[in-house]
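Trainee: Handing you a structure now.
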Amino acid sequence: MSDSQNDSDDVVQVMDSDDIRRALTRIAHEVVEKNHGAQNIVLVGILTRGAPLAERLSKLLFQIENIPVPVGKLDIGLYRDDYGTSRSPISLAPSDIPVDITGKTIVLVDEVMFTGRTVRAAIAALLDMGRPANIQLAVLLDRGHRELPIRADFVGKNLPTSRNEYIQVRLKEIDGEDRVVIRKAKGDAQ
Amino acid sequence: MRHLLTLRETSAIDIRYLLDTAETLKEILARPVKKVPTLRGRAMITLFYENSTRTRTSFELAAKFMSAEAINIAVAQSSVAKGESLKDSLLTLQALKADCIVMRHSVSGTPEFAAELLKHTSIVNAGDGRHEHPTQGLLDMLTMREIKGRLEGLEVAIVGDIAHSRVARSNIWGLTKMGAKVRLVGPRTLLPPDADRLPVKVYDNLAKGLDGADVVNVLRLQTERMERGLLPSLREYSRLFGISPQSLKYAAPDALVLHPGPMNRGVEISADVADGKFGIHAAIEEQVTNGIAVRMATLYALMGVSSDSEG
C-alpha cells in the first residue's frame, strides 16, 4: 500500500491515528490489569516521542481508573553506550520526573523498540535517580532485532522489519499528525 | 570541539551548546547521588602553574560527577620543580593517556601552545595570564541567562580591575557573541589599554557606567596592583568604584550582581551587596554551582569527540 502523501514510493503507512489510539487504549487497560489498578504507577516517556505517548497514557488511565498518574520525561543521552564514537557529542535534553520514583512502579514509554539499547540506557538512568519497586516497558511498536535480552511488557503493534528499513512515528504533539510509516533507508531505496 | 581555549574563538553555536548542556547537567547536582556514568574510563588532569582552589576543585568535581578520573598535578612538587619544560610536561601527560588537560598558566597563550603540541589530548584553558578564562565566562553567562531569562540585549557592566582580568576578557567575547551589550567601568589606570579595540563601551565614572545596567559583574580588586601605584588607596577605590546598596541604585532596579570570587568584602563589593540584603539580587554562590555545571558540559563536549574523527 503506497502512501499518496509522500513523494517516495518506499514509504508505507502501517498505523493511522485510529490505530494508534486503539493501541494506546489497549495498553492502558493492560497496564491497569497487570498492576491491579493505577495507584502506584509513574509513567516515564523516553524523549523525544515517548514523552507525548506517556501523557496520552496518563489521560487514558485517568479515564479508566479515575486516578491522576504522574508523568515524567527522560533523556538517556548521558547513559548511551556509544558516547565518544561520533564526530560531535549528542545533544542533551533535560529529564523531568516530578515525583520520587523510589518504591513506585515505573512504566517506561517509548515509540519504537529496536535493539533494546535505548531501554537499557533508560533503566540505568532511572536506577541512578532512585529505587523503583519495578520497571515495566510499554512501546507503540516492536520492530525486532534485539541486541540485548530486553522485552516489552506492553506492545501496541509487532512489526517485523528488515534492518535497512526505518520506522517513523509521527505524533500530533510534535509532528502535527498521528501516523506510523515504514521506509527504506536512503542508500537502499530504489 | 577539540579544545576550549578562548571564548573569542568559540562560535556562538558552540557557546549556546555548552550553556544548554550545562543547564541540563545541572540537574545532576541536585540529586542525592551526584554521579552519571558518561565519562567512565576517561582521564582529566589538572595542571595549574598558578594558585587556584575553586576552579581546580570545580573541575575535579565536574569530572568525578561524570565518572571520569581526575588527577591533579601539584606543580610545585612536580618534575617542573626539577626543571622540566612545559613542552615535556605536556607530552608526558599525553603519554600518560590523559584525555583532557585543564591548565592554568601565568603566560597568556600557553593553552594554544599546548593545543598545537598535543594530538591526542584536549586542552581546557583554566586561565592564562591576562588573556582568558573561558569557563568563568561561561558560568557567568549561564547565571545571567538563568536569572534574566536571556542574554540577548542584556546590558552588562563589568566593574573594577579590568586591565588585569582574564575573567573580563572571556565575559566580553562570550557576552557580545550572544548579543549582550558590555560596558567596562573602572579607574583609567585599571582599564585595558586596548579597550578601543574591544566591542564595549568604557566608563571611568561608576554612576554613568552603571546607568540602567541589568547585570553588574564586579571583579576582584587585585590588591597587589596598589603597590605598583595604579591606585591611590583602597578606601578611595571603594568610595569611587565599590558596589554598595547606594551605588547599585544607578543600575536597573532588579540588577543582578555577580562576582567571580574570592571577594574583598568592603573593597570592591560591600557586605550588604554580597549577602543580598535589602532585596539586592546577588547570585555569587549560584555562580559557584553553575561553575561545576559548565565544566561538566565542557568535559562532555570535548571528551565526546572520537579522537580518530578529527585531526
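The values are calculated or read from the model by the stated rules, or taken from the named source; none is laboratory data. Just so it is clear, the model here is predicted, and its values are computed rather than measured. Here Cβ is always computed from backbone atoms with ideal geometry, including for glycine, and neighbour counts include all displayed protein chains.
Trainee: Give segment A:118-150 a look and list any residue that's farther than 18 Å from residue A:54 by Cα, without any contact (Cβ under 8 Å) to a residue 40 or more places away in the chain and more than 14 Å from every other protein chain (Cβ to nearest Cβ), or say none.
Mentor: Of everything in segment A:118-150, those that are farther than 18 Å from residue A:54 by Cα, without any contact (Cβ under 8 Å) to a residue 40 or more places away in the chain and more than 14 Å from every other protein chain (Cβ to nearest Cβ) turn out to be A:143, A:144, A:145, A:146, A:147, A:148, A:149, A:150.
Trainee: Further question: Restricting to segment A:79-101, count the residues that are in contact with a Pro (Cβ under 6 Å, 6 or more places away or on another chain) and facing chain B (nearest Cβ under 8 Å).
Mentor: Adding up the residues that qualify gives 0.
Trainee: Can you tell me how many residues within segment B:122-173 are assigned by TED's automatic domain parsing to the domain that holds residue B:103 and on the phi > 0 side of the Ramachandran plot?
Mentor: 2
Trainee: Since residue A:6 meets every condition but one in (1) more than 30 Å from residue B:22 (Cα to Cα); (2) modelled with pLDDT of 95 or more; (3) surrounded by fewer than 14 Cβ atoms within 10 Å (Cβ to Cβ), which condition does it not meet?
Mentor: It fails just one condition, (2).
Trainee: Here's another thing I want to ask about it. Could you check, for segment A:66-78, whether at least one of its residues is within 14 Å of another protein chain (Cβ to nearest Cβ), of a type in the set (Asp, Glu) and either within 17 Å of residue A:131 (Cα to Cα) or in contact with a Leu (Cβ under 6 Å, 6 or more places away or on another chain) (or both)? Outline the logic, then answer.
Mentor: The initial filter retains those residues of segment A:66-78 that are within 14 Å of another protein chain (Cβ to nearest Cβ), namely A:72-78.
Those left that are additionally of a type in the set (Asp, Glu): A:75.
Pick out the ones that are also either within 17 Å of residue A:131 (Cα to Cα) or in contact with a Leu (Cβ under 6 Å, 6 or more places away or on another chain) (or both) and you get A:75.
Yes, segment A:66-78 contains a residue that is within 14 Å of another protein chain (Cβ to nearest Cβ), of a type in the set (Asp, Glu) and either within 17 Å of residue A:131 (Cα to Cα) or in contact with a Leu (Cβ under 6 Å, 6 or more places away or on another chain) (or both).
Trainee: Considering only segment B:136-144, I want to know if a residue exists there that is farther than 22 Å from residue B:38 by Cβ and of a type in the set (A, V, I, L, M, F, W, C). So that I can check it myself, show each step before the final result.
Mentor: Step one: list which residues in segment B:136-144 are farther than 22 Å from residue B:38 by Cβ, which gives B:136-137, B:140-141, B:143-144.
Narrowing the set further to residues that are of a type in the set (A, V, I, L, M, F, W, C) leaves B:141, B:144.
Taking every residue of segment B:136-144 in turn, at least one turns out to be farther than 22 Å from residue B:38 by Cβ and of a type in the set (A, V, I, L, M, F, W, C).
Trainee: Please specify each residue of segment B:63-90 satisfying the condition of being surrounded by fewer than 12 Cβ atoms within 10 Å (Cβ to Cβ) and of a type in the set (Ser, Thr, Tyr).
Mentor: Correct list: B:85 only.
Trainee: Looking at B:294, B:200, B:305, B:218, which one is more than 23 Å from the chain's Cα centre (by Cα) and of a type in the set (Val, Ile, Thr)? Steps first, answer last, please.
Mentor: On the way: B:294 fails: more than 23 Å from the chain's Cα centre (by Cα); B:200 fails: more than 23 Å from the chain's Cα centre (by Cα); B:218 fails: more than 23 Å from the chain's Cα centre (by Cα).
Exactly one residue qualifies, and that residue is B:305.
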